[in-house]
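These notes are about the structure you will find just below.
FYI, it's all coordinate maths here, none of it is from the lab. These figures come from a predicted structure and were not determined experimentally. Note that we place each Cβ from the backbone using ideal geometry, even for glycine, and neighbour counts take in every protein chain shown.
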Amino acid sequence: MFRLDHPVTLKEKPCDILTVGELLIDMISEAYDDAVNSNTYSRFFGGSAANLALNTNKLGLRSRVASAVGKDGFGAFLTRQLEQEGIPTDCIQVTEDATSIVVITKSRSTPQPIFYRGADFQLNFTPELEHAVKQTKIVHFSCWPISREPARSTIGQILSAARAAGALIGFDPNYHPAIWNKGEDGVACVKSIIGQVDVVKPSKDDADRLFGTDTPDNHLARFLDLGAGLVILTMGADGALVSNGKDKLHVDSVATEVVDATGAGDAFWAGFYSGLIHQLSLLDAVKFGMEVSAYKLRCVGPVRQYPDIYQLADHKHGGEQRS
Ligand SMILES: OC[C@H]1O[C@](O)(CO)[C@@H](O)[C@@H]1O
């Protein structure tokens, strides 16, 4: 069982984190707009899994992302951004489908997205990807790859390989009904995955979409009942609830200025994982996640650069075994 006052022991591996999921273009409206009425949008590097790889890299971790892009200008732009940051691109697969795009409103609370999915889920379990899974301490994935084939089967293979290699497995249930094909039961699919991962971090909005509007405590209990080892439920200005099934703690939000909420959850994950890699206790890693997320909330789109104070000191040793 995870202990909230202890660090998590991670196996020594050359890479800190591999994220699997969407690498796409976010077209964010220039003006605040809750009704998708804006005429002007700007292009941003986006996608939850990709943002996480970029953010953890900027926090000093050795990160890699696995996704698929189209053979087009947007795909080239995204790949170039990764290369410029020194993130390996050997797990970026190039397909005939167009690079995925999300048109999204600039928002201080819940951005409104419209999804145009092309390449992102055309992800196959290649020898490069298998190698990357074996080489990493943490494997993280989002709802997007489990929503469509062939990425869904690829995630199945990644989970088996990650478990065999002793990696910590994190899952972002960033559920949205619109990312599933019509007629498919996305909620059942998400539920079936939760028992197979170590850490899950739903936002209150994700949980409401998955289970219907309910209290944070009831949502937390549902994720634990489904078999997650550690659940972190983020609640915007109301902070986060953390539980390992036995202990439950509340952590305050530290956000002071909210300019744009897009990617705030991805920034939280990045801070949290950075804390784990640097052997902070789970609770301190959650607090660090809150700080990184608060920093991201001050700008539009993903963070370009974090100040030095967000670079945690060298690894402290002496963590406890996970189970
Ligand atoms: O991944 C789906 C969407 O979620 C975000 O990562 C924000 O959390 C966006 O960049 C992307 O459009």
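Centre-to-centre separation between the Cα atoms of segment 217-265 and those of segment 141-211: 17 Å. In this calculation the C-beta distance from Asp72 to Lys246 is compared with R0 = 45 Å, giving a FRET efficiency of 0.35. Go through Ser42, Leu282, Gln84 and say which Cα lies farthest out towards the positive end of the charge dipole of segment 15-322; charges sit on Cβ, +1 for Lys and Arg, -1 for Asp and Glu. Positive-most Cα among the choices belongs to Leu282. Counting Lys and Arg as +1 and Asp and Glu as -1, what is the net charge of the other residues whose Cβ lies under 14 Å from the Cβ of Asp208? It works out to a net charge of -2. Three semi-axes describe the equivalent ellipsoid of segment 163-248; taken as square roots of 5 times the Cα gyration tensor eigenvalues and ordered largest first, they are 20, 18, 11 Å.
What list do you get for Phe77, Phe141 if you sort them by fewest beta carbons within 10 Å? Please list the in-between numbers first.
Values: Phe77 14, Phe141 28.
Lowest count first: Phe77, Phe141.
Computed from the Cα positions only, the extents of segment 1-144 along the three principal axes stand at 49, 41, 26 Å, in decreasing order.
Summing charges over all other residues whose Cβ lies under 11 Å from the Cβ of Ala178, with Lys and Arg as +1 and Asp and Glu as -1, gives +3. Placing a label point 7 Å from the Cα of Thr9 along the Cα-to-Cβ line, the residues of segment 134-164 whose backbone N sits under 20 Å from it are 135-139, 162-164.
Okay, helix-only estimate at 222 nm for the chain: each DSSP H run of n ≥ 4 adds -39500 (n - 2.57), divide by all residues, round to 500 deg cm²/dmol; what do you get?
For the chain, the value works out to -10000 deg cm²/dmol.
Hydrophobic, long helices, defined as DSSP H runs whose alpha-carbon span along the helix axis is 18 Å or greater and whose mean Kyte-Doolittle value is at least -1.0, occur in the chain at 151-165, 264-277, 282-296. Couplings 3J(HN,Hα) of segment 7-18, computed from phi: x, 9, 7, 10, 5, 5, 9, x, 10, 7, 8, 10 Hz, in residue order, whole Hz [Karplus 6.51 cos²θ - 1.76 cosθ + 1.60, θ = phi - 60°; x for Gly and Pro].
Shown here is the pair-distance distribution of the chain: with all Cα-Cα distances grouped in 10 Å bins from zero up to the longest one, the shares run 6, 29, 39, 23, 3, 0 percent. The charge dipole of segment 15-322, taken about its Cα centre with unit charges on the Cβ of Lys, Arg, Asp and Glu (plus for the first two, minus for the last two), comes to roughly 380 debye. Where Lys and Arg each count +1 and Asp and Glu each count -1, what net charge lies around Ala68 among other residues with Cβ under 10 Å from its Cβ? It works out to a net charge of -3. Put a dot 7 Å past the Cα of Glu96, heading toward its Cβ, do the same for Glu130, and the two dots end up 2.6 nm apart.
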